[in-house]
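Okay, so here's the structure we're looking at.
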Amino acid sequence: MSEILQQVAIVLGVLIGVITIAAGLIYVERRLLSLWQDRYGPNRVGPFGLLQVVADMVKIFFKEDWIPPFADKPVFIIAPAIIMIAVLMSFAVVPFAPGIWVADLNIGLLWFLGMSSLAVYSSVLGGWASNSKYALLGGMRGSVQMLGYEVFMGLSVMGVVLQTGSFRLIDIVDAQQDLWYCVPQFFGMLVFAVAAAAESKRLPFDLPEAEAELIGGYHVEYSGMKFGMFFVGEYLGVTLLSAMMVVLFFGGWHGPLLPPIVWFLLKTFGLIAFMILVRGSLPRPRYDQLTAFGWKVMLPLALANLAVTGAVVLLTQKP
Amino acid sequence: MREILNSFRTLWLVFLHAFRKRETILYPDVKPRLAPRWRGRIILSRDPDGQERCVACYLCSAACPVACIALQATEGPDGRRYPKFFRINFSRCIFCGLCEEACPTYAIQLTPDFEMGEYVRQNLVYEKEDLLIAGPGKYPGYNFYRRSGLAIAGKDKGQADCERAPEDVWSVMP
């Protein structure tokens, strides 16, 4: 009985913790961006501007949730929910600390890759259901970008799987006790970072949204809570990406003095800060440059990484 | 390839910005530093002797590009001209400073003050009582009537600063 309660507590804790982090990212991203742009972020609302999250939440809740009459209603409503569902389901397999995980699948990594493929649907369906030209353009660009970058996302983590010998995320974390995988799998880490940034439509790969900043984009017709779902879904994607990189390449919860969960959170926040730095520095490539980069540079790099890792593992394995 | 490595250099340089001072001035906790010549709120100044400098010559009203100054001249018992009313509509004023350049007596001046927000639009029309200040403003020590040749109470012709006494034209005739 107490074991069930413990499991429920862990599930609720992970859910609430992850959503709190994603909501807090609204504030953290603006403060970090402003730190790197020589200005102050929100610092008026509450001490150090911390109540800005509350203010933004209240704003999103009270905005008029209008469904355009020319939109495809059921798909329009489902599209933002898909990204939240997909990303939150991916969090079910992430191991936070020894004993703290929601589900222990021995194909945990495949589950994560599958869920991120499902997340593609959110932008495509959102753009399609909005039934407006710029939304459609944004959705189509999103589909091409995410499809192209999905291909080598899976390939880039195969090097990690080869070195560990298992898809189970907990085995991967345990295998990094002596040496984190960012050293032998350096190129795999780079390719995975680029691929996952493109999957969560994060700068510099935010063309489906940049249409949002410039013209429309797949969430132009959305308002109120549905837009809030897209927004928080993107931040959840950033958190998930950082957490997966920590698990796969940066040693999970291993570290000298502090308790493991603290190490996990520290490393995740470090990677989140790095993603925000990338957002604040790099320019957005043109659409064809982006696709060419994905197919002509990243895919060969991922394949080469896989081939070399396979060769090294074969040569050094004990008979 | 060079672009990829250049991206890493960009990331490093932007990261270094974290250690620089921020450019934002945290108004209203910190007020910005304004020069004394900064064109802000308009005032009407007084002589060093305490009388108002404005002689209601209408030059500022004529120079104003948006016609926001309204005044009417009248003369006092001592012979000094002064404005019966002097009204500036600050919802029209563009703070260009042309009135200050046109004024012959240094009466109208622009000060480095910009905090003039109102909730009721009519309160932005400032009358003479709102514009007049107690001191000489930016140009201390200038008294127009001490310099000009006009005869007023207390100063006859020839008694101004740097003025010679008027010639008696009959005394230079052959």
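Only the coordinates and a few stated rules stand behind these numbers; no lab work does. Keep in mind the model is a prediction, meaning the values are calculated, not measured. Here the Cβ positions follow ideal geometry from the backbone for every residue, glycine too, while neighbour counts run over all protein chains shown.
Some observations on this one:
- For A:I83, A:I4, A:I276, order by how many other beta-carbon atoms lie within 10 Å, fewest first: A:I4, A:I276, A:I83
- Take the Cβ atoms of B:A165 and B:Y139, set R0 to 35 Å, and the FRET efficiency comes out at 0.80.
- Those aspartates and glutamates that a straight Cα-Cα span of less than 16 Å connects to B:K21, excepting residues fewer than 8 apart in one chain: A:D38
- The antiparallel fraction among DSSP beta bridges confined to the protein assembly as shown stands at about 95%.
- The ranking of B:K21, A:K133 by Cβ neighbour count inside 10 Å, starting from the fewest, reads B:K21, A:K133.
- Peptides A:241-250, A:28-37, A:176-185, ordered by how many other C-beta atoms sit within 10 Å of their residues on average, highest first, read A:241-250, A:28-37, A:176-185.
- Here B:R37, B:R53 are placed in order of increasing Cβ neighbour count within 10 Å, fewest first, which gives B:R37, B:R53.
- Applying a threshold of 21 Å to the alpha-carbon distances of A:K59/A:K226; A:K73/A:K201; A:K201/A:K226 flags A:K73/A:K201 as lying beyond it.
- Average silhouette area of segment B:34-158, convex hull of alpha-carbon atoms, in square nanometres: 7.9 nm²
- Distance between the modelled labels on A:V308 and B:I94, one decimal in nanometres: 6.5 nm (7 Å Cα→Cβ projection).
- Rounded to the nearest 0.05, the FRET efficiency derived from the C-beta distance between B:A73 and A:S223 at R0 = 56 Å is 0.40.
- Take each residue in A:31-37, count the other chain C-beta atoms within 10 Å of its C-beta, and the mean is 3.
- Pairwise Cα distances in segment A:132-218 exceed 20 Å in 46 percent of cases.
- Multiplying each eigenvalue of the alpha-carbon gyration tensor of segment A:1-72 by 5 and taking the square root yields semi-axes of 30, 24, 12 Å, largest first, rounded to whole angstroms.
- Here the gap between A:L51 and A:E64, fully extended at 0.36 nm per residue and compared with their Cα-Cα distance, gives a gain of 2.5 nm.
- Its DSSP H runs of at least 4 residues, each contributing -39,500 (n - 2.57), put the calculated 222 nm mean residue ellipticity of chain A at -23000 deg cm²/dmol, to the nearest 500.
- For segment A:260-309, the equivalent ellipsoid derived from the alpha-carbon gyration tensor has semi-axes of 28, 20, 6 Å in decreasing order.
- Partners of A:K133 within straight-line reach, counting aspartates and glutamates whose Cα lies under 16 Å from its Cα and excluding those fewer than 8 residues away in the same chain: A:D72, A:E209, A:E211, A:E213, A:E221.
- Converting the Cα gyration tensor eigenvalues of segment A:1-143 into ellipsoid dimensions via √(5λ) gives semi-axes, longest first, of 29, 26, 16 Å.
- Mean Kyte hydropathy of -1.0 or more with a Cα span along the axis of at least 30 Å, helices from DSSP in chain A: A:2-36, A:133-164, A:224-249, A:260-281
- For chymotrypsin sites (Phe, Trp or Tyr not before Pro), no site in segment A:76-142 is both called loop by DSSP and has at most 16 other Cβ atoms within 10 Å.
- Distance histogram in 10 Å bins (all Cα pairs of the protein assembly as shown, percent per bin): 4, 14, 19, 16, 11, 9, 9, 8, 5, 3, 2, 1, 0, 0
- Its alpha carbons considered, segment A:68-316 gives a radius of gyration followed by a Dmax of 18.3, 63 Å.
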